[in-house]
Amino acid sequence: MKLLVTGGAGFIGSNFVLYWLAHHSEDVVVNFDALTYAGNLENLKSVEKNPQYSFVKGDITNPQDVEKAMQGVNIVVHFAAESHVDRSIMDPSTFVRTNVLGTQVLLEAAKKVGVKKFHHVSTDEVFGSLELGSTEKFSETTPYNPHSPYSASKAGSDHLVRAYHDTYGLPITITNCSNNYGPYHFPEKLFSLTITNILEGKKVPVYTPGNHVRDWLYVEDHVRAIEMVLQKGKDGETYCIGGMTQDVSNLEAVKMILRLMGKDDSSIELVKDRPGHDVRYAIDWTKINTELGWSPSVSLEEGLQKTIAWYTEHRDWWMDVKSGTYAEYYTKQYQER
Ligand code: NAD
Ligand code: TYD
């Protein structure tokens, strides 16, 4: 089987490529990535000489790049995206271009070569926000109600993927998953930022009032879920993936990280809130559990321990990532908060 993995140099994509090559050594994996600020080939150093793996630098919005890479491909696993909400608030246009147009360019090329499966990796953020303190959860039947330019662009991509199935019969599946964390996470997201800031002796910015709730999913659990959908998922279907059964607020999660790292709460700095900030996400993962037999296997505390250990042991990786243009972004994002 030949897989085209888009965005394989990013956080979840690189975890997927490493996992797939380790568990499906007979398959060929082509990693197609534009290497934006979020793409890092250091994540894939351990497989760069593996004859089953190759890297193609290309942009999903470029039909020539995409058509060339799509030749002979059986399965597309589409991770490539602009993925950070705060960056989408600063500059929405890149999000529309990559997430909406890029997905359509890929779908068109996949249709032309007649792939066996086009799997689209999406987010629970397309469903909008749940009420704080409620027991409501997002599921496959929740209506779309995105609030940020990021989630709106991902919603657009989901609709296009379904449209290619319904109109042209393209064999697609979609997963909408919650907030991932784990190794190789770019340090702009809450957990990776918190852990690396603590390791640097810096303050941890928490958006006021810190009671927002996310459903945290350890990245390897997510990768296993995608594996099951690729192997057993039904064409045209959507599966929601989440990691939690109980609400944990951002402030509680950050305090847990501080405790696991042997620190008190004095490094927490409550900063100005994000505009349009979704209050609560929670996922009902019954469908993937009952139909495909998947459930999360890593608890939040266990996942945080593994993640903290990884960042502690891979200081060079994130110190390198945090220098240069990331430092400019950080100043712009947090200076007036
Ligand atoms: P990431 O930002 O870490 O990586 C994105 C990758 O896509 C990078 O390697 C980047 O170089 C590549 N890319 C960006 N634009 C491209 C383009 N035009 N052409 C080719 N490659 C391009 O993202 P991530 O956190 O790994 O997320 C992967 C996918 O999962 C995304 O589609 C995201 O929406 C979705 N998702 C992420 C989370 C999460 O918590 N991180 C949660 C739900 C869904
Ligand atoms: P983030 O990791 O950006 O993921 P998303 O916005 O896609 O859910 O943010 C997770 C939560 O943490 C969200 O409620 C915003 C909050 N947050 C902070 O409090 N401080 C920060 O510096 C960041 C980046 C996020």
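Okay, residues lined up against (1) small (Gly, Ala, Ser); (2) under 30 Å from Thr173 (Cα atoms):
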{"residue": "Ala282", "(1), (2)": "yes, yes"}
{"residue": "Asn289", "(1), (2)": "no, yes"}
{"residue": "Leu292", "(1), (2)": "no, yes"}
{"residue": "Ser295", "(1), (2)": "yes, yes"}
{"residue": "Leu304", "(1), (2)": "no, yes"}
{"residue": "Asp316", "(1), (2)": "no, no"}
{"residue": "Val321", "(1), (2)": "no, no"}
{"residue": "Tyr326", "(1), (2)": "no, no"}
{"residue": "Tyr330", "(1), (2)": "no, no"}
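Yes/no matrix, rows are residues, columns are (1) touching a helix residue (DSSP H, G or I) at 6+ places or on another chain (Cβ under 6 Å); (2) closer than 25 Å to Leu292 by Cα; (3) acidic (Asp, Glu); (4) modelled with pLDDT of 95 or more:
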| position | (1), (2), (3), (4) |
| --- | --- |
| Lys234 | no, yes, no, yes |
| Cys240 | no, yes, no, yes |
| Asn250 | no, no, no, yes |
| Ile257 | yes, no, no, yes |
| Met261 | yes, no, no, yes |
| Asp264 | no, no, yes, yes |
Taking the stretch 174-191 on its own, how many of its residues are outside any loop (DSSP other than H, G, I, E, B), crowded, with 23+ Cβ neighbours inside 10 Å and out of contact with any Ser or Thr (no Cβ under 7 Å at 6 or more places or on another chain)?
1
Single residue of the stretch 192-216 satisfying the filter (of a type in the set (A, V, I, L, M, F, W, C) and within 15 Å of Ile268 (Cα to Cα)) that is surrounded by the fewest Cβ atoms within 10 Å (Cβ to Cβ)
Leu199
Any chance you could count how many residues in the stretch 16-29 are within 16 Å of ligand 1 (Cβ to nearest atom) and surrounded by fewer than 23 Cβ atoms within 10 Å (Cβ to Cβ)?
2
What number of residues within the stretch 87-116 are within 12 Å of ligand 1 (Cβ to nearest atom), closer than 30 Å to Gln335 by Cβ and not β-branched (Val, Ile, Thr)?
5
For Asp124, all conditions in the list (1) within 20 Å of the chain's Cα centre (by Cα); (2) free of Cβ contacts under 8 Å to residues at least 24 places away in the same chain; (3) within 15 Å of ligand 1 (Cβ to nearest atom) hold save one; what is the number of the exception?
(2)
I need the full set of residues from the stretch 161-173 which are buried (at least 21 other Cβ atoms within 10 Å of the Cβ) and part of a helix (DSSP H, G or I), in order please.
Val161, Tyr164
Name, by its number, the condition in (1) closer than 19 Å to Asp86 by Cα; (2) surrounded by fewer than 22 Cβ atoms within 10 Å (Cβ to Cβ); (3) among the polar types (S, T, N, Q) that does not hold for Gln231.
(1)
Taking the criterion of being out of contact with any Pro (no Cβ under 9 Å at 6 or more places or on another chain) and farther than 30 Å from Ser249 by Cα, would at least one residue in the stretch 114-132 satisfy it?
yes
Take the conditions modelled with pLDDT of 95 or more and outside any helix (DSSP H, G or I) and apply them to Tyr144. Does it pass?
yes
Which residue is farthest from Arg87 (Cα to Cα), if the candidates are limited to the stretch 291-323 and must be at pLDDT 95 or above, out of contact with any helix residue (DSSP H, G or I) (no Cβ under 9 Å at 6 or more places or on another chain) and assigned to a loop (DSSP other than H, G, I, E, B)?
Ser299
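Select, from Ile268, Ile308, the only residue that is among the aliphatic types (A, V, I, L, M) and under 19 Å from the mean Cα position of the chain (by Cα). Working first, answer last.
Values: Ile268 fails: under 19 Å from the mean Cα position of the chain (by Cα).
Going through Ile268, Ile308 in turn, just one is among the aliphatic types (A, V, I, L, M) and under 19 Å from the mean Cα position of the chain (by Cα): Ile308.
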Given the conditions (1) within 22 Å of Lys287 (Cβ to Cβ); (2) surrounded by fewer than 22 Cβ atoms within 10 Å (Cβ to Cβ); (3) in contact with a helix residue (DSSP H, G or I) (Cβ under 8 Å, 6 or more places away or on another chain), every one holds for Glu136 apart from (3)
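The values are calculated or read from the model by the stated rules, or taken from the named source; none is laboratory data. Computed from a predicted model, the values in this text were never measured in an experiment. When we count neighbours, we look across all protein chains shown, and the Cβ atoms used for this are built from the backbone with ideal geometry, even at glycine.
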